[in-house]
Structures are given as C-alpha cells and as structure tokens.
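Participant: Following this message is one structure expressed as structure tokens.
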Amino acid sequence: MKSIELNNAILTHIKKTKEVGHYLWERQWAERNGGNISIFLEDIEDQLPKTIDDFRYVGNRNFPKESAGLSFFVTGTGERLRDLREPEFSSCIIRIDDNAAGYHILWGGQKDNFRPTSEFITHLKVHLDMKKNGRDSKAIVHTHPIELIALSHHPEYNKNRYKFTENLWKMLPEVRAFTPNGIDLVKYELPGSEALADLTVKSLRDHDVAVWEKHGAIAAGKTVIEAFDYIDVANKGAIIFLKCLAAGFEPEGMSKKQMDEIAAIL
Ligand SMILES: [Zn+2]
C-alpha cells in the first residue's frame, strides 16, 4: 500500500497518541474499541507528492465543504486504543478530497476495509469550529472515563449542566484551576450521529470538557496529552464526589469564596 514519509512533528504527535492510548487502557477507560483520537495536521500539504490519485480512496461521503483539502491523523473504527503500539494498523492519516466527497488514506490503515472512527464526524466538526474560531487546539480525545459517566447517570445531578460543573469544581482546587472553562454535560444522542457532533461543537466552544450523558467524555487540546489532561482532571472531581456519596454524605465542597480566589489567580 502506498504511504507518505512522516516528518518529525507528525511522528511526535503519534508518539504522544500511543502514550495516551496506554493511559486510557490502564484507567479502564478504553474497553474493547472504546474511545477515539484525532489530530488536525495543518502543515502536511508540503509533504504530499504531486499527485495522490494512487493512494487508497474512500468516496461517497458528504463532509462539510470547508473540510476540503484538510488532513487528519485519526484512529480506526473498531480498533483498540491499546493497539496503538502498532499505529500503522490501528490508525491512519487521511486527506479529505477537494470536493469534500471522500478521502485518501495517505499513511497507516494497513488492513482490509480500514475506516476512521465512527465518531469522525464529531471530530471533524469540532476541528473545523476550532479552526474557524482561531483556537490552536488541534488534538481531540474521546474516551469512557468511569466516574464522569457514572455521575452523568445521576437522576438529580444530570438535570442541571451548571450544577454538574460546579459539583466537580468544588471537589478540589486543581479541578477549578485546570478546567477553568468548566465541564459541560451534553444530553444523550446516538454515538456517531450528526446531532451528537453539533451539540459537542457548541459545548466545546466554551467548556474544556464535554461529558456525553451515559456515554463518555471528549476534550480538545494543543496536544493529545493536553486533551487527555482535561478529562483526567475532570474525572478526578467525579471520583471524589462519588466517593463522598458512597461514604454516605453529600460533600461540603469548597466555598464560593474559595473558588473565586482560585479563579482570580488563573
Ligand atoms: Zn464512545
């Protein structure tokens, strides 16, 4: 199969993705093929051969027009994140064609019928929105953090998005400090759907983490490590909150004044 040579910047991205894939597996956040990762590769154009016609092509897609010509590293559908130690088999680099009607696989995806993650539409729409708004968050991680998911099942706390963020912020100064834009709760939608993609785009415009009710969490960062950190910090808040409830008491939480003091020094 034809494949491009990867430059050091992309190799570093892939190395960090492997590292994060390992963390997700260790935390039991990536059962079977759970979770997916993508990176917008803005500066790949100058590495492409003059013609890419003979790279594998997948058509019959209807991507947003503004994605034409853009390239992404993305993990594969049905692939296990723990298999990222051999990324050329479990992930790929694609370039969306000039009509946004399909894509060429420029690297990786070395399996029959390999396809990018079924959540790719969410990744793509978030990347496009970040680009449009001049944000430099080019890496996106979606995973299944146990305690954030558990809390999203809570029949009382899953009713109020503002309370959801506040309950997590109040558990630990670091949660307030390192998810300064908050942890949003996105109502349940079918995985892989346009509806979930559109709600996620809106949510990540002004939050650091979007928790998909009864499903998982997604975050964007400058690197895959940064995106992972947002979810990891948010999940720490959920662990503490649930531990208090399991011990039989409602946590007191940091006071508003204590949280405002932290917000003031950010
Ligand atoms: Zn998922």
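Readers should treat all values here as calculations from the given coordinates under stated rules, not as data from a laboratory. Worth saying up front: this structure is predicted, and the values here are computed from it rather than measured. We place every Cβ from the backbone using ideal geometry, glycine too, and count neighbours over all the protein chains shown.
Participant: For the chain, what size does the Cα cloud have along each of its three principal axes, sorted from largest down, in whole Å?
Facilitator: Projected onto the principal axes, the Cα atoms of the chain cover 62, 35, 33 Å.
Participant: Please compute the modelled spin-label separation between Glu88 and Lys202, points set 7 Å along Cα→Cβ, answer in nm with one decimal.
Facilitator: Going by the 7 Å Cα→Cβ label model, 4.4 nm.
Participant: List, in order, the whole-Hz ³J(HN,Hα) value for each residue of region 69-74 obtained from phi through the Karplus relation with A = 6.51, B = -1.76, C = 1.60 and θ = phi - 60°; use x for Gly and Pro.
Facilitator: For region 69-74, the Karplus-derived couplings read x, 8, 10, 9, 8, 8 Hz, x marking Gly and Pro.
Participant: A follow-up question, please. Taking loop as defined by DSSP and a crowding limit of 12 other beta carbons within 10 Å, which GluC sites (Glu not before Pro) in region 94-161 fit?
Facilitator: For GluC sites (Glu not before Pro) across region 94-161 that sit outside H, G, I, E and B with at most 12 neighbouring Cβ atoms in 10 Å, the list reads Glu156.
Participant: Using each residue's phi in region 101-109, evaluate 6.51 cos²θ - 1.76 cosθ + 1.60 at θ = phi - 60° and report the 3J(HN,Hα) Karplus result to the nearest Hz, with x for Gly and Pro.
Facilitator: Computed from phi, the couplings for region 101-109 are 10, x, 8, 9, 8, 8, 7, x, x Hz.
Participant: Using only Cα atoms, figure out Rg for region 116-210 and give it as a multiple of 2.2 N^0.38 Å.
Facilitator: Values: Rg = 13.7 Å, N = 95, 2.2 N^0.38 = 12.4 Å.
For region 116-210, the normalised Cα radius of gyration comes out at 1.10.
Participant: Relative contact order of the chain: what whole-number percent is it, with Cα pairs under 8 angstrom and at least 6 residues apart?
Facilitator: 19 percent.
Participant: Right, next: Can you list residues from other chains, or at least 5 along the same chain, whose modelled amide H is less than 5 Å from the amide H of Leu106?
Facilitator: Counting only residues 5 or more places away or on other chains, the set is Ile93, Ile94, Arg95.
Participant: What is the projected area of the convex hull of the Cα atoms of region 8-118, averaged over all directions, in nm²?
Facilitator: 7.0 nm²
Participant: Report the equivalent ellipsoid semi-axes for region 169-221 in whole Å, largest first, defined as the square roots of five times the eigenvalues of the gyration tensor built from alpha carbon atoms.
Facilitator: After scaling each eigenvalue by five and taking roots: 22, 11, 7 Å.
Participant: For region 141-265, which semi-axes, largest first and in whole Å, follow from the square roots of 5 times the eigenvalues of its Cα gyration tensor?
Facilitator: 22, 17, 12
Participant: Through the Karplus equation 6.51 cos²θ - 1.76 cosθ + 1.60, θ set to phi - 60°, convert the phi angles of region 79-95 into ³J(HN,Hα) values in whole Hz; use x for Gly and Pro.
Facilitator: Residue by residue, region 79-95 yields 8, 8, 5, 5, 8, 5, 5, 10, x, 5, 9, 10, 8, 7, 10, 10, 10 Hz.
Participant: Which order results if His22, His123, His207 are arranged by neighbouring Cβ count within 10 Å, fewest first?
Facilitator: Listing His22, His123, His207 from fewest to most nearby Cβ atoms yields His22, His207, His123.
Participant: Between Lys111 and Tyr162, what length in nm is gained on full extension when 0.36 nm per residue of separation is reduced by their alpha carbon distance? Write down the numbers at each step before the final one.
Facilitator: On the way: separation 51, 0.36 × 51 = 18.36 nm, distance 4.41 nm.
Using 0.36 nm per residue and subtracting the Cα-Cα distance, I get 14.0 nm.
Participant: I would also like to ask the following. Pulled fully out, how much extra length does the chain show between Gln258 and Arg27, if you take 0.36 nm times their separation in residues and subtract their Cα-Cα distance?
Facilitator: Length gained, Gln258 through Arg27: 80.1 nm.
Participant: Further question: Can you list residues whose amide H is under 5 Å from Ser118's amide H, if they're 5+ apart or on another chain and H is modeled 1.01 Å from N?
Facilitator: For Ser118, whose amide H was placed from the backbone, the distant partners under 5 Å are Thr77, Gly78.
Participant: Taking the Cβ of each residue in Cys92, Cys244 as the centre, tally the other Cβ atoms inside 10 Å and list the residues starting with the fewest.
Facilitator: Ordered from fewest to most neighbouring Cβ atoms within 10 Å, Cys92, Cys244 come out as Cys244, Cys92.
Participant: Can you find, among Ser38, Trp25, Pro116, the residue sitting farthest towards the positive end of the charge dipole of region 8-118, where Lys and Arg contribute +1 and Asp and Glu -1 at Cβ?
Facilitator: After comparing all options, I get Trp25.
Participant: Another question, if that's okay. Counting other C-beta atoms within 10 Å, and keeping those with at most 11, which DSSP coil GluC sites (Glu not before Pro) do you find in region 2-44?
Facilitator: Hits after loop and neighbour filter: Glu5.
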